[in-house]
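Participant: Encoded as C-alpha cells, here's the structure I'll be asking about.
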Amino acid sequence: MFKKQPEIKRQPGMLILPAIDLKNGRCVRLVQGRADQETVYHDDPAQMARQFAAGGAKMLHLVDLDGAFEGRRVNQEAIAAIRGAVDIPLELGGGMRTLEDMAAMIDQGIDSVIVGTVAVSAPEIVQAALERFGSDRIQLGIDAKAGKVAVRGWVEETALDAVDFARGWKAKGIVRAIFTDIARDGMLVGPNLDAVKNFARASGLKVTASGGVTRAEDLAALAALEPEGVDRAIVGKALYEGTLTLKEALAF
C-alpha cells in the first residue's frame with residue numbers, strides 16, 4: 001500500500017521548485033543536458049536539500065541524470081538520503097522506464113515520478129502507472145527541442161510534436177506536464193516565454209516551466225502566465241550561480 005501523498009502548503013502565486021540534479025551521487029548542473037558540460041555544485045545532495053527546505057522551499061525537483069542516460073535507476077543512495085533529510089514533497093525524473101521503477105520510488109517516499117522516454121517507447125507502461133498510482137503521482141516530462149520531443153536524456157530527438165504528444169496524454173489521464181525548453185536549460189538566458197505560453201494554452205495541461213530561469217524578472221514573467229495554466233517553475237542553475245536567491249524566487 002503506497003503512502004498518501006502529502007498536501008503541498010500553497011501560498012497564492014506560483015510554486016517554485018529548486019532543482020537537484022544527481023550524477024555520480026553528487027549535485028550537478030548540465031548545459032542543455034550535455035553530459036560533457038557538467039559543473040559539480042555539492043558533494044552532498046541531502047545537505048543541499050536541507051538548505052532548500054530550511055530556506056522555505058515547499059517542494060523539490062530531483063533528476064537522476066545517470067538514470068536518464070542509462071535507462072535505469074542509478075542514484076538510489078542519494079535519493080534515499082534526500083528523502084530522509086527533508087519532509088517536503090519530492091518529484092523525481094530520470095530512468096523511470098518500468099512500472100517497477102515507479103513503484104519502487106513511490107514506495108520509497110517519492111511523491112510523484114516524471115515519465116518522458118517511456119511515454120514514447122512504451123506508452124502502455126505509463127497507462128498502467130496512471131491506473132495504478134493516479135494522475136497526481138505520474139507527471140509527463142516534455143523535453144522540447146524546436147517544438148519536437150527529445151528522449152533518453154535529451155540525446156535522441158523524435159519527430160513527435162510536443163503539443164500533439166501532450167494532448168494525446170491528456171486524453172489518457174495525464175494532468176500535469178513539466179515543459180523544458182532544451183535550448184534554454186542551464187544557459188542562464190531566460191525562459192522561452194512564448195514556447196511555454198503556447199504549450200500551456202494548446203495542451204490544456206497544468207504546466208511546470210523548466211529551463212532558463214535566471215533572475216526574478218523571469219519568474220515574474222512566468223507568473224503572469226498562470227491564467228494559461230503555468231503554475232509552477234523549476235529553478236536550478238540560477239540558485240547555484242547566485243543570479244537568483246531562494247528568497248527572491250519564493251516571493252513568487
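Participant: Just to be sure I understand the model, the point goes 7 Å from the Cα along the line to the Cβ. What's the resulting Ile88 to Asp107 distance in nm?
Facilitator: 2.8 nm
Participant: Where the only charges are on Cβ atoms (+1 Lys, Arg; -1 Asp, Glu), what is the dipole of the chain about its Cα centre, to the nearest 20 debye?
Facilitator: On the way: 31 positive and 34 negative charges, 98 e Å.
Result for the chain is approximately 480 debye, rounded to the nearest 20.
Participant: Share of Cα-Cα pairs in segment 157-252 beyond 16 Å, in percent? Before the final figure, lay out the partial values.
Facilitator: Values: 2414 of 4560 pairs.
Looking at segment 157-252, the distances longer than 16 Å represent 53 percent of pairs.
Participant: Turning to a different aspect of this structure: For segment 16-250, give me the percentage of DSSP beta bridges that are antiparallel, rounded to the nearest 5 percent.
Facilitator: Working: 13 of 44 bridges.
The answer is about 30 percent antiparallel.
Participant: Distance check, please: which entries in Lys148/Lys197; Lys58/Lys237; Lys23/Lys247; Lys23/Lys197; Lys170/Lys247 exceed 23 angstrom between their Cα atoms?
Facilitator: Details: Lys148/Lys197 16 Å; Lys58/Lys237 18 Å; Lys23/Lys247 26 Å; Lys23/Lys197 31 Å; Lys170/Lys247 34 Å.
Those over the limit are Lys23/Lys247; Lys23/Lys197; Lys170/Lys247.
Participant: Please give the length that would be gained between Ala54 and Ala81 if that part of the chain were fully extended, namely 0.36 nm times their separation in residues minus their C-alpha to C-alpha distance (nm, one decimal). Mind dumping the intermediate values first?
Facilitator: Values: separation 27, 0.36 × 27 = 9.72 nm, distance 1.61 nm.
So the chain would gain 8.1 nm between Ala54 and Ala81.
Participant: Now, a different point. Please report the relative contact order for the chain, taking Cα pairs under 8 Å with a sequence separation of at least 6, and give it as a percent rounded to a whole number. All intermediate terms of the calculation are to be shown ahead of the outcome.
Facilitator: Working: 537 pairs, mean separation 47.3, N = 252.
It rounds to 19 percent for the chain.
Participant: List the residues of segment 86-114 whose backbone N lies under 13 Å from a point placed 7 Å from the Cα of Ser121 along the Cα-to-Cβ direction.
Facilitator: Backbone N within reach: 94-99.
Participant: Return the percentage of antiparallel bridges among DSSP beta bridges fully within segment 107-183, rounded to the nearest 5 %.
Facilitator: Numbers: 5 of 13 bridges.
Bridges in segment 107-183 that DSSP calls antiparallel: roughly 40 percent.
Participant: Can you tell which of Phe179, Phe199, Phe69 shows the greatest fluctuation in a Gaussian network model of the chain with Cα springs below 10 Å?
Facilitator: Ranking Phe179, Phe199, Phe69 by mean-square fluctuation puts Phe69 first.
Participant: Still on this structure: In nm, to one decimal, how far is the modelled label at Thr243 from the one at Glu131, with both set 7 Å along Cα→Cβ?
Facilitator: Output for this residue pair reads 4.5 nm.
Participant: Only helical DSSP H runs with n ≥ 4 go in: add -39500 (n - 2.57) per run for the chain, normalise by residue count and round the 222 nm mean residue ellipticity to 500 deg cm²/dmol. Show your work: numbers first, answer last.
Facilitator: Values: 11 runs with 90 residues, N = 252.
Only helices count here, giving -9500 deg cm²/dmol.
Participant: If you build the convex hull over the alpha carbons only and average its shadow over all orientations, what do you get for the chain? Give it in nm² to one decimal. Intermediate results must be reported in sequence, preceding the final value.
Facilitator: On the way: hull surface 45.8 nm².
So the Cα hull casts an average projection of 11.4 nm².
Computed from the coordinates by the stated procedures, all read-outs in this text should not be read as laboratory data. Because the structure is predicted, anything quoted here is derived from the model rather than measured. Positions of Cβ are generated from backbone atoms using ideal geometry, with glycine treated the same way; all protein chains shown enter the neighbour counts.
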